[in-house]
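The values are calculated or read from the model by the stated rules, or taken from the named source; none is laboratory data. Fair warning: this is a prediction, and the values are worked out from it, not measured in the lab. All Cβ positions, even for glycine, are placed from backbone atoms using ideal geometry, and neighbour counts span all protein chains on display. The accessibility values were calculated without ligands, DNA or RNA, using every heavy atom of the protein model including side chains. Shrake-Rupley method; radii C 1.70, N 1.55, O 1.52, S 1.80 Å.
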Amino acid sequence: MLIAQVTDSHIKAKGRLAYRKVDTAANLERCFHHLINLKTPPDVVLMTGDLADFGRVEEYEILRELIALLDMPVYVIPGNHDEREIFREAFKDHQYLPRTGDLRYVIEDYPLRMIGLDTTIPGRPEGEMCSNRLAWLDEQLKAKPDLPTLIFMHHPPVTTGIKHMDVQNCKNGDALGRLLKRHPQVFQILCGHVHRPIHTQWHGVTVSIAPSSSNYVALDLDDDSSAEFYLEPLTVQLHEWRDNSGLITHLSFIGDFSGPYPFYDEHGKLID
Ligand SMILES: [Fe+2]
């Protein structure tokens, strides 16, 4: 089972550039064509929040046109740039999304159980796993303790060292960590929000953050890091679930590159 994680697409209304610089719709379209044309296309796409830039109706209209390029199932959760009710309306044909309240759900259709969380706080950049959310998650995990389970959520429950992003991570993340100690079937959490590929170990769980489909938060670990971004080469993360042994994550570069070139010559000898 191959999962593509696409995150932080920050789609703008037609003709508008994110931060007056980035054509996020064109970048997402390139990403989707890249996925479609992979030798092994993904079985499922998880979109982990900040799908629209200001949560506007017209942004989701463009997003939906782009998602229509894909013929595999797509699951969406919101980030802090999304507007929950406009998001819900835009994806009202996505039957797994609840009609009211948080946009959280369990996907039971695959060998790997996947739980999408809504960490957003309306009007706020940071996220939260409040007691209601934790209680709901606890119930879901108690119901199927023997199934390997992956959680995906927008805000990481960890700090990354990029200080201006860490102040808007998932508050109460350690309470989530303590809860997961009781549910060892959860082996990994996929996040977005930080616009960089980052991995860490936390409370016995691997937390991985995927790069944005459009721009990279500057890799600046100083205490006075400022909120800036780079247009580094675009990538997308592919997570393969194989033989019940955890996820194997590949970073796939989007674009046309020179190659492939052989390592061995026509006689099977390593080229010197
Ligand atoms: Fe974002």
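Let me check against my output: what whole-number percent is the relative contact order of the range 208-272, with C-alpha pairs under 8 Å and at least 6 apart?
23
Plugging the Kirkwood radius over Cα pairs into Stokes-Einstein for the chain, at a temperature of 10 °C and a viscosity of 1.306 mPa s, what D comes out in µm²/s?
D, rounded to a whole number, is 83 µm²/s.
How do F253, F87 stack up against each other in accessible area, from largest to smallest, with a 1.4 angstrom probe?
F253, F87
Between D224 and D43, what is the label-to-label distance in nm when each label sits 7 Å out along the Cα-to-Cβ direction?
5.1
At a Cα cut-off below 29 Å, give the lysines reachable from K142, other chains included and same-chain residues fewer than 8 away excluded.
K92, K171, K181
Among Y75, A13, W136, whose Cα sits farthest toward the positive end of the charge dipole of the range 2-253 (+1 at Cβ of Lys/Arg, -1 at Cβ of Asp/Glu, about the Cα centre)?
The residue sitting most towards the positive pole is W136.
Assuming 0.36 nm per residue, please report the length gained on full extension of the stretch R99 to A26 beyond their Cα-Cα distance. Walk me through the intermediate numbers first.
Numbers: separation 73, 0.36 × 73 = 26.28 nm, distance 3.08 nm.
Result for the pair: 23.2 nm of gain on full extension.
Using a 10 Å cut-off on Cβ atoms, rank the peptides 222-230, 109-117 from the highest mean neighbour count down. Could the numbers behind the result be given before it?
Working: 222-230: 10.9, 109-117: 18.8.
In descending order of packing, they fall as 109-117, 222-230.
Under 8 Å for C-alpha pairs, at least 6 residues apart: give me the relative contact order for the range 2-253, rounded to a whole percent. Mind dumping the intermediate values first?
On the way: 557 pairs, mean separation 47.8, N = 252.
Value for the range 2-253: 19 percent.
Report the extension gain between Y19 and H250 in nm, rounded to one decimal, defined as 0.36 nm multiplied by the number of residues separating them, less their alpha carbon distance. Can you show the working numbers first?
Values: separation 231, 0.36 × 231 = 83.16 nm, distance 2.88 nm.
Stretched out fully, the Y19 to H250 stretch lengthens by 80.3 nm.
Report in % the part of the accessible area of the range 2-253 that belongs to carbon and sulfur, leaving out ligands and nucleic acids; probe 1.4 Å.
50
Run the dipole for the chain about the Cα centre, Lys and Arg Cβ at +1, Asp and Glu Cβ at -1, nothing else charged, and hand back the magnitude in debye, nearest 20. If you can, show how the numbers build up before the last one.
Details: 27 positive and 39 negative charges, 132 e Å.
It works out to roughly 640 debye.
What aspartates and glutamates could a cross-link reach from K14, if we take a straight Cα to Cα line under 16 Å and drop same-chain neighbours fewer than 8 places away?
Filter leaves D23, E29, D53, E58, E59, E61, E65.
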